[in-house]
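> This is the structure I want to talk about, given as structure tokens.
The values are calculated or read from the model by the stated rules, or taken from the named source; none is laboratory data. The structure displayed is predicted, hence computed values, not measured ones. Every residue, glycine as well, gets a Cβ built from its backbone with ideal geometry; the counts of neighbours run over all protein chains shown. Quick note on the areas: whole protein, heavy atoms, side chains included, nothing else; ligands and nucleic acids left out. Shrake-Rupley method; radii C 1.70, N 1.55, O 1.52, S 1.80 Å.
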Amino acid sequence: MPTLAQLDGGKCYVQILPDEVLVTIFEIGSTSSDDSYFPIIVSSVSSRWRQISLSAPSIWTSIHATVYDENTLLFFERSKSRPLDITIEFGNPPFSSRAHRDLSDAISANSFRIRAIIARSKTLDAFRDFAAPFNALPFPILTHLEIDSNATDCLAHHAPLFTGVKTLQSLVFPKCLACAPLGSELTHLEIRRLRCDVEEFRTIFETSPRLHTLILYKYTRYQEIQENEPFPIQAPSLHTLIITFDKEHRHYECGCLTSCLVACNLKRLEVYQTYKSASSYFCFDHHFRVYPALESLKIVDCILHAENSSFIQKLYNLTSLELFNTDHASLWESSESGDSSDHVPWQNLTTVALTDTTIPGKSQMIQAIRRSCIQFPRSFTLKVDEDYHDGAAELHSDLPDAVLVFFKREPKPLIWYDADQDEEYGWSDRDPDEEYGYFDDDYGTSDSESEFYEGGSFFSYRRFGRVREYVDL
């Protein structure tokens with residue numbers, strides 16, 4: 001096949017591009033390319049490209065470090081004084097002593113300009129040893145820290161990590177709150193698995209008074225809350241709460257510390273269950289207080305019983321309700337609570353999303369929406385999984401004034417924990433936890449099953465365990 005230059009009389013238009021245009025192209029490529037070696041590649045194309053790339057420190061600021069990458073240290077040098085974003089992969093086998101020391105020394109020497117650190121490790125021992133030299137160093141511009149591991153033990157034997165960090169805004173952490181570098185600037189917190197008492201949970205909000213978003217991927221009961229001991233936990237800044245409950249929470253008598261959370265400004269709540277069966281029971285009353293400002297509620301893999309109806313109907317500012325794989329027949333029943341206020345259930349609800357129109361609750365929902373829209377006329381939107389066209393058509397015939405929108409929900413699981421293969425790497429969920437002396441079967445996972453998580457785009461970049469699919473719903 002002839003080249004562009006051969007087709008146009010020997011001219012190559014790339015070569016006549018101004019240097020500043022090439023720099024812009026290289027900058028876009030370095031941030032959008034899946035290849036972490038992009039700067040190395042473009043600097044090897046020609047002498048001109050090499051000269052341009054070496055004089056453009058902005059294309060060397062994203063560092064992806066592995067034990068086998070001999071070019072990692074070049075990024076530190078060629079980025080000059082620019083802020084750095086570093087991703088570290090601790091593979092199997094772990095870092096060699098020389099590579100370990102060189103990279104750790106480079107981070108220590110450049111801690112003043114590191115903006116983000118993402119560390120991925122199958123075991124936490126490698127990260128403990130690696131971070132030891134710079135654990136107490138100041139990181140004056142570090143705003144994002146993500147430590148990704150499926151290990152069951154504590155990250156730093158309950159010793160605080162990154163004690164010199166004062167500007168952290170976003171934190172993704174495996175487990176132990178005692179190690180987590182919480183701070184006054186933190187606005188986004190994700191915890192891989194959480195099992196704590198009331199005071200530890202309270203510490204999150206007292207230490208991070210600006211916390212806007214809290215995501216708990218696996219939350220297990222640790223301390224039973226008695227009715228005469230409410231232990232209120234104030235979280236006035238919390239806007240978004242996304243939480244996955246394990247099978248321990250399906251019991252009616254569950255006294256959960258999340259019920260202590262006073263979040264008067266919470267706008268968005270997403271509730272997931274890792275265990276669903278005909279006998280499973282999840283009671284909102286025992287897990288949450290009524291959030292007066294809540295506008296968006298998403299419920300995944302739950303069976304809603306009659307006791308949940310009055311609780312959810314008291315969310316008078318609710319505008320969006322998403323019911324994914326959730327039996328919601330009892331949700332729409334008229335409340336018998338005798339509430340004498342002027343508020344009427346569903347009076348502000350404008351959007352309902354369903355993934356499966358065959359799950360019980362469709363007829364009850366239609367009647368409730370009809371009543372509400374007659375009393376409070378407004379536009380209404382129904383969002384339905386595009387795989388259920390027939391059920392959606394029936395819904396639309398019963399609610400002809402509603403706007404019908406189809407959305408595509410990926411059928412494959414987003415994150416797949418294969419417990420059988422995890423034993424090969426010592427990741428088995430049956431490993432005892434040194435911290436509390438319990439087994440991860442408490443989380444609802446056993447070696448005889450694979451655990452599936454499905455959710456929204458907030459999961460799409462996580463790599464807990466082995467991620468089989470990257471899905472943005």
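> Taking Gln375 as the residue in question, decide whether it is modelled with pLDDT of 85 or more, under 16 Å from Glu333 (Cβ atoms) and of a type outside the set (Lys, Arg). Full working, then the answer.
Values: modelled with pLDDT of 85 or more: yes; under 16 Å from Glu333 (Cβ atoms): no; of a type outside the set (Lys, Arg): yes.
Spelling it out, it is not the case that Gln375 is modelled with pLDDT of 85 or more, under 16 Å from Glu333 (Cβ atoms) and of a type outside the set (Lys, Arg).
> For the list (1) under 27 Å from Gln234 (Cα atoms); (2) not in a strand (DSSP E or B), I need the number of the one condition that Lys298 fails.
Lys298 satisfies every listed condition except (2).
> Which one is farthest from Phe127 (Cα to Cα) among residues in region 83-101 that are loosely packed, with under 14 Cβ neighbours inside 10 Å and either at pLDDT 85 or above or over 31 Å from the mean Cα position of the chain (by Cα) (or both)? Reasoning before the result, please.
Of region 83-101, the ones loosely packed, with under 14 Cβ neighbours inside 10 Å are 91-93, 96-98, 101.
Still in the running and either at pLDDT 85 or above or over 31 Å from the mean Cα position of the chain (by Cα) (or both): 96-98, 101.
On the way: Ser96: 13, Ser97: 13, Arg98: 15, Arg101: 12 Å.
Per the stated criteria, the residue is Arg98.
> For region 233-254, what are the residues that are farther than 20 Å from Ile299 by Cα, open to solvent by 10 Å² or more (accessible area, probe 1.4 Å) and either at pLDDT below 90 or among the small types (Gly, Ala, Ser) (or both)? Steps first, answer last, please.
As a first pass, look at region 233-254 and keep what is farther than 20 Å from Ile299 by Cα: 233-237, 253.
Cutting the leftovers down to open to solvent by 10 Å² or more (accessible area, probe 1.4 Å) gives us 234, 236-237, 253.
Across region 233-254, the qualifying residues are Ser237, Glu253.
> Taking the conditions exactly as written (at pLDDT below 85 and among the polar types (S, T, N, Q)), does Asn150 satisfy them or not? Working first, answer last.
Details: at pLDDT below 85: yes; among the polar types (S, T, N, Q): yes.
Spelling it out, Asn150 is indeed at pLDDT below 85 and among the polar types (S, T, N, Q).
> Sticking with this structure for a sec: Across region 342-356, what is the total count of residues that are farther than 16 Å from Ser296 by Cα and open to solvent by 10 Å² or more (accessible area, probe 1.4 Å)? Break it down into steps so the answer makes sense when it comes.
Restricting attention to region 342-356, the residues satisfying the condition of being farther than 16 Å from Ser296 by Cα are 342-344, 355-356.
Right, trim to open to solvent by 10 Å² or more (accessible area, probe 1.4 Å) and you get 342-344, 356.
Result for region 342-356: 4.
> Sticking with this one: Can you name the residue in region 301-328 that is part of a strand (DSSP E or B) and over 15 Å from Lys383 (Cα atoms) and, of all such residues, is modelled with the highest pLDDT?
Applying the first criterion (part of a strand (DSSP E or B)) to region 301-328 yields 303, 320-324, 327.
Now drop any that are not over 15 Å from Lys383 (Cα atoms), which leaves 303, 327.
Details: Ile303: 79, Asp327: 84.
Result: Asp327.
> Does any residue of region 293-308 turn out to be buried (at least 19 other Cβ atoms within 10 Å of the Cβ), more than 28 Å from the chain's Cα centre (by Cα) and without any contact (Cβ under 8 Å) to a residue 60 or more places away in the chain?
Step one: list which residues in region 293-308 are buried (at least 19 other Cβ atoms within 10 Å of the Cβ), which gives 294, 297-304, 308.
Those left that are additionally more than 28 Å from the chain's Cα centre (by Cα): none.
Scanning region 293-308 turns up no residue that is buried (at least 19 other Cβ atoms within 10 Å of the Cβ), more than 28 Å from the chain's Cα centre (by Cα) and without any contact (Cβ under 8 Å) to a residue 60 or more places away in the chain.
> Just to verify a result, which residue in region 348-363, among those that are modelled with pLDDT of 90 or more and part of a loop (DSSP other than H, G, I, E, B), is nearest to Val403 (Cα to Cα)?
Looking at residues that are modelled with pLDDT of 90 or more and part of a loop (DSSP other than H, G, I, E, B), I get Thr350.
> List the residue pairs whose Cβ atoms are under 9 Å apart, where the first residue sits in region 1-25 and is at pLDDT below 60, the second is exposed (fewer than 10 other Cβ atoms within 10 Å of the Cβ) and not polar (S, T, N, Q), and the two are 6 or more positions apart or on different chains.
Leu4/Tyr13; Ala5/Tyr13
> So which residues in region 60-73 are open to solvent by 50 Å² or more (accessible area, probe 1.4 Å) and either assigned to a helix (DSSP H, G or I) or within 23 Å of Gln15 (Cβ to Cβ) (or both)?
Within region 60-73, just Leu73 meets the criteria.
> Considering only residues that are under 16 Å from Gln234 (Cα atoms), of a type in the set (A, V, I, L, M) and surrounded by 20 or more Cβ atoms within 10 Å (Cβ to Cβ), which ones fall in region 187-205? Working first, answer last.
Of region 187-205, the ones under 16 Å from Gln234 (Cα atoms) are 187, 197-205.
Add one more test, that the residue is of a type in the set (A, V, I, L, M), and what stays is 198, 204.
Of everything in region 187-205, just one residue is under 16 Å from Gln234 (Cα atoms), of a type in the set (A, V, I, L, M) and surrounded by 20 or more Cβ atoms within 10 Å (Cβ to Cβ), namely Ile204.
> Name every residue in region 364-410 that is assigned to a strand (DSSP E or B) and surrounded by 17 or more Cβ atoms within 10 Å (Cβ to Cβ), in order of residue number.
Taking region 364-410 and keeping what is assigned to a strand (DSSP E or B), we get 381-385, 403-407.
Of everything in region 364-410, those that are assigned to a strand (DSSP E or B) and surrounded by 17 or more Cβ atoms within 10 Å (Cβ to Cβ) turn out to be Leu382, Lys383, Val384, Asp385.
> Return yes when Ile141 is modelled with pLDDT of 85 or more and touching a Pro at 6+ places or on another chain (Cβ under 8 Å) and no when it is not. So that I can check it myself, show each step before the final result.
Numbers: modelled with pLDDT of 85 or more: yes; touching a Pro at 6+ places or on another chain (Cβ under 8 Å): yes.
Yes: the conditions hold for Ile141.
> Scan region 205-224 and tell me whether some residue there is farther than 24 Å from Glu185 by Cβ, assigned to a loop (DSSP other than H, G, I, E, B), of a type outside the set (S, T, N, Q) and at pLDDT 80 or above.
Here is the first cut: in region 205-224, the residues farther than 24 Å from Glu185 by Cβ are 218-224.
Still in the running and assigned to a loop (DSSP other than H, G, I, E, B): 220-224.
With of a type outside the set (S, T, N, Q) added as a condition, the list becomes 221-222, 224.
Now narrow it down to the ones that are at pLDDT 80 or above: none.
There is no residue in region 205-224 that is farther than 24 Å from Glu185 by Cβ, assigned to a loop (DSSP other than H, G, I, E, B), of a type outside the set (S, T, N, Q) and at pLDDT 80 or above.
> Okay, next question. Which residues, counting only those in region 24-59, are outside any helix (DSSP H, G or I) and open to solvent by 70 Å² or more (accessible area, probe 1.4 Å)? Can you show your working first?
Step one: of region 24-59, the residues outside any helix (DSSP H, G or I) are 33-37, 43-46, 55-56.
Residues satisfying the conditions are Asp34, Tyr37, Ser44, Val45, Ser55.
> Does Val21 fit the bill of being open to solvent by 70 Å² or more (accessible area, probe 1.4 Å) and more than 23 Å from Thr87 (Cα to Cα)?
Values: open to solvent by 70 Å² or more (accessible area, probe 1.4 Å): no; more than 23 Å from Thr87 (Cα to Cα): yes.
Spelling it out, it is not the case that Val21 is open to solvent by 70 Å² or more (accessible area, probe 1.4 Å) and more than 23 Å from Thr87 (Cα to Cα).
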